[in-house]
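Student: Right, I'll just put the structure down here and ask away after.
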Amino acid sequence: MTDQPIDNQENNDEPNDESNAKRRRTTDVFDTLGSSIQGMQSSFSSITSLFTNSISNTLAINQAMNEMYEQMFMSNIKKGSKLKPFEDKNGSGIQLTITITNYNRYPISGLSAHLTFEPFHKADTAATVAWTSESASETTVGSRNKKDVERILGSNQGQDKDQNQDQNQNQNSIPSTTIYTEILQIQPSEPCQYNSKLSVSVSSPGTGKPIEKEHKFGLYLIDQLIKTVHESGSSSEETKGSEKEYSTVFFREIMGLRPVVGIRPGMEIRLKAKQKEVMCKVVESSENLETVKAIFYGDHQLLDILLQELDILDI
């Protein structure tokens with residue numbers, strides 16, 4: 001018998017066309033699914049990033065708008081100060097008038113204030129300022145009607161430097177378009193120059209957090225001197241001292257001369273603080289009455305500081 005060749009077609013291990021097609025379809029499905037998942041992840045990341053940036057931008061815009069509104073609100077709060085020396089049967093001192101004006105359409109809330117006095121010269125570091133609040137009132141802008149209200153600054157009778165600062169933690173308020181006025185009597189322990197500061201804190205209309213604004217002013221030596229005018233003078237003799245020339249307007253202002261009081265040669269003005277005294281004697285006025293020459297003499301320590309101060313102020 002002759003041997004027959006073996007038919008290898010039925011015993012072939014390679015996949016047929018149908019099997020290959022199934023595998024390709026399965027692979028395509030997984031590839032498509034993977035691409036879809038990656039696309040979804042990318043889209044989700046983009047959305048998250050846009051959402052985060054949107055929130056950040058919104059917060060930044062809100063913060064910027066709030067800061068701008070606070071600046072506008074604080075710019076409509078005006079503060080002022082006026083100093084005037086006085087002398088009565090109980091002694092001498094200085095009257096300090098503090099004003100806080102609310103020009104906003106909304107009331108100021110959470111209002112508190114503190115006042116500080118720091119000696120200007122290092123040699124006067126031991127000097128202190130005590131004060132007593134005399135009155136407090138409110139007046140509508142454009143009106144003369146006043147009403148008494150609670151005092152914001154109050155009194156400070158401390159004698160050591162740490163008590164030079166008075167802080168009122170009371171939460172006061174000022175209505176819209178209203179002027180708050182408080183009158184204080186201040187008593188410096190020594191006649192010298194002080195750097196003064198009024199700090200006012202109010203609640204932010206946007207966040208409710210406290211925001212602060214400062215008003216700085218000088219308590220000068222000339223502000224602390226009691227001035228007594230002798231229009232005719234006490235002597236026609238030549239006086240020795242330091243001769244100075246000032247504008248007539250400035251001289252009238254610092255010496256507290258009323259408009260009806262004429263400035264003429266020989267006029268004397270006595271300047272006194274506690275036990276120290278300086279005299280000012282008018283020498284002459286210019287032909288156009290724009291300047292005044294005067295001679296200053298008296299307590300040397302007080303005089304030196306006073307003349308330096310007047311030279312700086314007369315600008």
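The values are calculated or read from the model by the stated rules, or taken from the named source; none is laboratory data. Bear in mind that the values here come from a model prediction, so they are computed numbers and not experimental data. Because the Cβ atoms are built from the backbone with ideal geometry, glycine has one as well, and the counts that use them run over all protein chains shown.
Student: When you look at Gly262, is it at pLDDT below 90, farther than 16 Å from Leu306 by Cβ and not assigned by TED's automatic domain parsing to the domain that holds Cys192, yes or no?
Tutor: Considered against the rule, which asks whether it is at pLDDT below 90, farther than 16 Å from Leu306 by Cβ and not assigned by TED's automatic domain parsing to the domain that holds Cys192, Gly262 comes out as yes.
Student: Okay, moving on. Considering only residues that are over 20 Å from Glu134 (Cβ atoms) and assigned to a loop (DSSP other than H, G, I, E, B), which ones fall in region 69-116?
Tutor: Asn76, Tyr103, Asn104, Arg105, Tyr106, Pro107
Student: Just need a number here: residues in region 96-135 that are more than 18 Å from Ile186 (Cβ to Cβ) and either touching a helix residue (DSSP H, G or I) at 6+ places or on another chain (Cβ under 7 Å) or in the same structural domain as Gln301 (by TED's automatic domain parsing) (or both).
Tutor: Selection size over region 96-135: 1.
Student: Taking region 117-144, which residues are part of a loop (DSSP other than H, G, I, E, B) and either small (Gly, Ala, Ser) or in contact with a strand residue (DSSP E or B) (Cβ under 9 Å, 6 or more places away or on another chain) (or both)?
Tutor: Scanning region 117-144 gives Phe120, Thr125, Ala126, Ala127, Thr128, Val141, Gly142, Ser143.
Student: Within region 197-315, considering only helices (runs of 4 or more DSSP H) that don't extend past its boundaries, which have at least 2 residues that are in contact with a Leu (Cβ under 9 Å, 6 or more places away or on another chain), under 30 Å from Val129 (Cβ atoms) and free of Cβ contacts under 8 Å to residues at least 60 places away in the same chain?
Tutor: 248-255
Student: To continue, here is another question. Is there a residue in region 124-133 that is under 12 Å from Thr181 (Cα atoms) and touching a His at 6+ places or on another chain (Cβ under 9 Å)?
Tutor: No, region 124-133 contains no residue that is under 12 Å from Thr181 (Cα atoms) and touching a His at 6+ places or on another chain (Cβ under 9 Å).
Student: Among the residues of region 54-88, what is the count of those that are closer than 16 Å to Asn102 by Cβ and free of Cβ contacts under 8 Å to residues at least 24 places away in the same chain?
Tutor: Number satisfying all stated conditions: 3.
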